[in-house]
Amino acid sequence: MTAPAIVDETAHAIVDACDALAHGSLVGLPTETVYGLAADATNPQAVARVFAAKGRPAFNPLIAHVASTAMACREGVLDERAQLLAETFWPGPLTLVVPVHAEGHVCELARAGLQTIALRVPAHRVARSLLGAYGKPLAAPSANPSGKLSPTSARDVAHAFGEEVAMVIDGGSCEAGIESTIVGLLPSEPARLLRPGIVSRDALLAYLPDLVGPTEGAINAPGQLSSHYAPGASVRLGAQKLRDGEVMLGFGPDAPANSLNLSPRADLVEAAANLYRMLRQLDQQNPAGIAVMPVPEQGLGEAINDRLRRAAAPRN
Ligand code: TXA
Ligand code: MG
């Protein structure tokens, strides 16, 4: 498999990326959370390429990335709660699931046939320039083969997809390091946390006092399939000591000196940013298993532990 061009984030790269997208090709796109595999969300053939490249079940809808709240309002119906969240958290790592707009442009395949749509205005400068220049929504799931670790560098994307992507724009390593928080805001329903993420539950509760979910056992967002974000090696959580053949992913000041440490000072923001990169690094050593030290559940810890539990779940 030949690697695609990894290009620097120049104005020229944005023009080339627009050209590739207009021709139905895929572009590796940096965002502040993880890299996305972007396609023109209004072009079903381009979107089909995303599903094929990722090996993603077609019942799993994609997030439509848009340049602004105004553009979001052309694709979905944002009620007062959604407007308030948009004002507060966009551009940024929050995805809103709302009823689809009757005159929206995002194709049915990208929405997996649902009458709802997931919308996000990303904050990363490259994502913003590309969305601004392209002028149409981009469907962009995380740029990893379905079920595997999400990518936090341009190289991860190039390595996973080879020539299936026309180009990968190198926007550096992702600042946040895990995916956006997904909140469902549907008529006559309480606001529902569908996927914990970079915007913590506490941050949302200030605006959504009735926030519920995620519901245990239910598939809230299809990315909630129990085994997900999985490295090749098995993952053991809550580990204090290494077993034979294992490598350790540490957290906090008490981690063994020879382990990779998510955050020696037990900082959850730093740990989120390091999570996928370190899991990937440990996986490359082909260990018997990856032992992960406990990470506290508060704040961003909820999203980190959500990803870790899925990485450790029995594989589907
Ligand atoms: O940070 C992120 O959100 C990254 C970057 C690239 O923006 N994207 C991302 O996309 O994580 P993806 O496709 O890997 O995850 C999107 C999640 C999936 O779990 C999908 O099921 C859910 O969003 N989703 C999309 N549309 C939905 C809808 N209408 N209702 C419920 N869940 C939806
Ligand atoms: Mg994903």
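The values are calculated or read from the model by the stated rules, or taken from the named source; none is laboratory data. Fair warning: this is a prediction, and the values are worked out from it, not measured in the lab. Virtual Cβ from ideal backbone geometry, glycine too; neighbours counted across all protein chains shown. The accessibility values were calculated without ligands, DNA or RNA, using every heavy atom of the protein model including side chains. Shrake-Rupley method; radii C 1.70, N 1.55, O 1.52, S 1.80 Å.
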- Message: For the range 290-312, which positions are buried (at least 19 other Cβ atoms within 10 Å of the Cβ) and in contact with a Gly (Cβ under 8 Å, 6 or more places away or on another chain)?
- Response: Val292, Met293, Val295, Ala303
- Report whether or not Ser180 is open to solvent by less than 50 Å² (accessible area, probe 1.4 Å), within 16 Å of ligand 2 (Cβ to nearest atom) and at negative phi. yes
- Taking Ala266 as the residue in question, decide whether it is open to solvent by 10 Å² or more (accessible area, probe 1.4 Å), part of a loop (DSSP other than H, G, I, E, B) and either farther than 17 Å from Glu297 by Cα or not charged (D, E, K, R) (or both). yes
- Query: How many residues are over 16 Å from Val126 (Cα atoms) and surrounded by fewer than 24 Cβ atoms within 10 Å (Cβ to Cβ) when one looks only at the range 160-176?
  - Reply: 6
- Task: Return the pairs, sorted by first residue and then second, in which the second residue is of a type in the set (S, T, N, Q) and open to solvent by 10 Å² or more (accessible area, probe 1.4 Å), the first residue lies in the range 119-148 and is away from ligand 1 (no atom under 11 Å from the Cβ) and modelled with pLDDT of 95 or more, the beta carbons are less than 7 Å apart, and the residues are 6+ apart or on different chains.
- Result: Lys136/Thr42; Pro137/Thr42
- Query: Which members of the range 141-152 meet the condition of being in contact with an Asp or Glu (Cβ under 8 Å, 6 or more places away or on another chain) and open to solvent by 10 Å² or more (accessible area, probe 1.4 Å)?
  - Reply: Ser142, Leu149
- Subset of the range 105-118 (residues that are more than 8 Å from ligand 1 (Cβ to nearest atom) and open to solvent by 30 Å² or more (accessible area, probe 1.4 Å)): His105, Glu108, Leu109, Gly113, Gln115
- Quick one: what pairs do we get from the range 207-231, first residue under 29 Å from Ala291 (Cβ atoms) and within 16 Å of ligand 2 (Cβ to nearest atom), second at pLDDT below 60 and open to solvent by less than 50 Å² (accessible area, probe 1.4 Å), C-beta under 6 Å, 6+ apart or different chains? Pro214/Asn220
- Got a number for residues in the range 161-210 being part of a loop (DSSP other than H, G, I, E, B) and either touching a strand residue (DSSP E or B) at 6+ places or on another chain (Cβ under 7 Å) or not charged (D, E, K, R) (or both)? 26
- Message: If I ask for residues that are within 16 Å of ligand 2 (Cβ to nearest atom) and open to solvent by less than 50 Å² (accessible area, probe 1.4 Å), which ones from the range 53-85 would you list?
- Response: Ala53, Lys54, Arg56, Pro57, Asn60, Pro61, Leu62, Ile63, Ala64, His65
- Note on the structure: The residue from Leu194, Leu211 that alone is open to solvent by 10 Å² or more (accessible area, probe 1.4 Å) and within 12 Å of ligand 1 (Cβ to nearest atom) is Leu194
